[in-house]
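Below you'll find the structure, written out as structure tokens, and then a few comments.
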Amino acid sequence: MVFFIGMMIFVIASIAVTYKTLTGYADLSAFSKILILLVLTASWFSPMWLRWLRNGPDFLNGTFYDIVYKLGYFMMGFVLILTILLLLRDILWHIIYFISRADALNPDNARHINFLNVITLGLTLLIAFYGVYEAHKTPDVKEINITDSRIKEPMKFVMASDFHINNSTPKWHIQKMIDVINKQNPDYILLVGDIVDDDPARGLKKFQMLSKLKAKKVYISLGNHEYYHKPYAWMIEFNKLGFEVLHNSGEKIGETGIYVGGVPDVRTDRANYKRTFEDAGDTYKILLSHSPTSFKMLDKKIFDIQFSGHTHGGQIFPFQYITKKANNGYLAGLYETQGSHLFVSRGAGYWGPPMRILAWPDIAVLNAEPSKK
């Protein structure tokens, strides 16, 4: 509730500030001002009216909804970037004027404000389209090399998270994520939550493209977005594809000396680490846990490396700072505490606005090698 209230205050304040900046000093008609206010409001509240639209009449779904979904979330990202740029611009402008006291730089000059508004709108559009490119680019590959005496033979794992597949996700984007994973020739694939982001009735066809993943086995743990859309129905669908759902459970990988365990999203369901690793024995232990927040508090004797996602690396700058704070200091990359490792992926997909800014998508490759005792 506190988060919701905070977000509503932020959104309403953003609409007010942006509207005042764009229209307060411009010679616009009443109709134009109302139109600008409606666009700002509809863009910021796109998640709400898109949800209503999805649950509306059948004729509004299908291709029409998919197009509107992308457009609505693009506009949400656009007005977010616009608000940030306007605030940064005005803060910098007032600082420069305060130092220089030059009349030509007076922030109250309406002509200058209107001119810079046009420039800011153009820059926002360029950044937004760059963000779309960055969100859909081929994920970076992060290499992690581990040697341990408990490991009996070399193994390669590919870890990926946060595909956020729904009925509006382009097929070519899903195929790109599949291709970059398969290109690594993994022995096993580890999917760490938020792989799907839709009800099975809508997103099943796009999800089934994951049958093209090539490995001896695919392990998956649930993220918060699976829980938003009938998690147990999705667990059945994962099983139909031959994926091993790790839900407070784990499995020894043959005689390799490696054990993979997984817990559900710790912010959504109860994670039972003792049960997950009760049969692990003297093995190298991999933990799949969608959110990285609990890593700092866990007993590091339970596992050797934890794979997480959830943060998206902040997705859109400058939200990296807020995201890191909200996830106990973890944002992206490899961390080490008391001999245990945590790798946080930025994810291969995106959520909400179809854009990323300074938060490139990635997957991880874990090369596990035996070492001499």
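Just give me the residues in segment 27-43 being more than 18 Å from residue 353 (Cα to Cα) and either loosely packed, with under 15 Cβ neighbours inside 10 Å or at pLDDT 90 or above (or both), in sequence order. 27, 29, 30, 31, 32, 33, 34, 35, 36, 37, 38, listed by residue number. Return only the number of the condition from (1) assigned to a loop (DSSP other than H, G, I, E, B); (2) in contact with a Lys or Arg (Cβ under 6 Å, 6 or more places away or on another chain); (3) more than 26 Å from residue 153 (Cβ to Cβ) that residue 303 does not satisfy. It is condition (3) that residue 303 fails. Do you know which residues across segment 156-189 are under 23 Å from residue 259 (Cα atoms) and open to solvent by 10 Å² or more (accessible area, probe 1.4 Å)? 156, 182, 184, 185, 186, 187, 188 - these are the residues of segment 156-189 that are under 23 Å from residue 259 (Cα atoms) and open to solvent by 10 Å² or more (accessible area, probe 1.4 Å). Restricting attention to segment 194-203, does a residue exist that is open to solvent by 10 Å² or more (accessible area, probe 1.4 Å), aliphatic (A, V, I, L, M) and closer than 24 Å to residue 71 by Cα? Scanning segment 194-203 turns up at least one residue that is open to solvent by 10 Å² or more (accessible area, probe 1.4 Å), aliphatic (A, V, I, L, M) and closer than 24 Å to residue 71 by Cα. Every condition in (1) open to solvent by 50 Å² or more (accessible area, probe 1.4 Å); (2) under 21 Å from residue 70 (Cβ atoms) is met by residue 135 except one, and the failing one is (1). Each residue in segment 306-320 was checked for being in a loop (DSSP other than H, G, I, E, B) and under 22 Å from residue 196 (Cβ atoms), and 4 of them qualify.
Taken across segment 44-60, residues that are modelled with pLDDT of 90 or more, under 22 Å from the mean Cα position of the chain (by Cα), surrounded by 11 or more Cβ atoms within 10 Å (Cβ to Cβ) and not in a helix (DSSP H, G or I) do occur, with at least one present. Residues in segment 321-373 that are of a type in the set (Ser, Thr, Tyr) and either in contact with a helix residue (DSSP H, G or I) (Cβ under 6 Å, 6 or more places away or on another chain) or outside any strand (DSSP E or B) (or both): 321, 323, 330, 345, 350, 371.
Picking from residues in segment 314-373 that are β-branched (Val, Ile, Thr), free of Cβ contacts under 8 Å to residues at least 60 places away in the same chain and open to solvent by less than 30 Å² (accessible area, probe 1.4 Å), the one that is farthest from residue 45 (Cα to Cα) is 344.
Filtering 222, 210, 241 for residues that are open to solvent by 40 Å² or more (accessible area, probe 1.4 Å) and aliphatic (A, V, I, L, M) leaves a single hit, 241.
Quick check: anything in segment 291-306 open to solvent by 10 Å² or more (accessible area, probe 1.4 Å), out of contact with any helix residue (DSSP H, G or I) (no Cβ under 6 Å at 6 or more places or on another chain) and aromatic (Phe, Trp, Tyr)? No, the conditions are met nowhere in segment 291-306. Restricting attention to segment 230-237, does a residue exist that is within 26 Å of residue 69 (Cα to Cα), acidic (Asp, Glu) and touching a Leu at 6+ places or on another chain (Cβ under 7 Å)? There is at least one residue in segment 230-237 that is within 26 Å of residue 69 (Cα to Cα), acidic (Asp, Glu) and touching a Leu at 6+ places or on another chain (Cβ under 7 Å). Might you check whether a residue that is surrounded by 12 or more Cβ atoms within 10 Å (Cβ to Cβ), touching a Gly at 6+ places or on another chain (Cβ under 8 Å) and not in a helix (DSSP H, G or I) occurs anywhere in segment 102-118? Within segment 102-118, none of the residues are surrounded by 12 or more Cβ atoms within 10 Å (Cβ to Cβ), touching a Gly at 6+ places or on another chain (Cβ under 8 Å) and not in a helix (DSSP H, G or I). Flag set for residue 227, criterion: open to solvent by 20 Å² or more (accessible area, probe 1.4 Å), touching a Pro at 6+ places or on another chain (Cβ under 8 Å) and among the aromatic types (Phe, Trp, Tyr). Against the numbered list (1) loosely packed, with under 13 Cβ neighbours inside 10 Å; (2) in contact (Cβ under 8 Å) with a residue 12 or more places away in the chain, residue 98 comes up short only at (2). Filter segment 254-277 down to residues that are surrounded by fewer than 22 Cβ atoms within 10 Å (Cβ to Cβ) and of a type in the set (Val, Ile, Thr) and give me whichever is farthest from residue 297 (Cα to Cα). My answer is 256.
The values are calculated or read from the model by the stated rules, or taken from the named source; none is laboratory data. For clarity, every value in this text was computed on a predicted model and none was experimentally measured. Quick reminder, even Gly has a Cβ in these numbers, built from the backbone with ideal geometry, and neighbours come from all protein chains shown. Heads up: the accessible areas ignore ligands, DNA and RNA and are worked out on the full protein's heavy atoms, side chains in. Shrake-Rupley method; radii C 1.70, N 1.55, O 1.52, S 1.80 Å.
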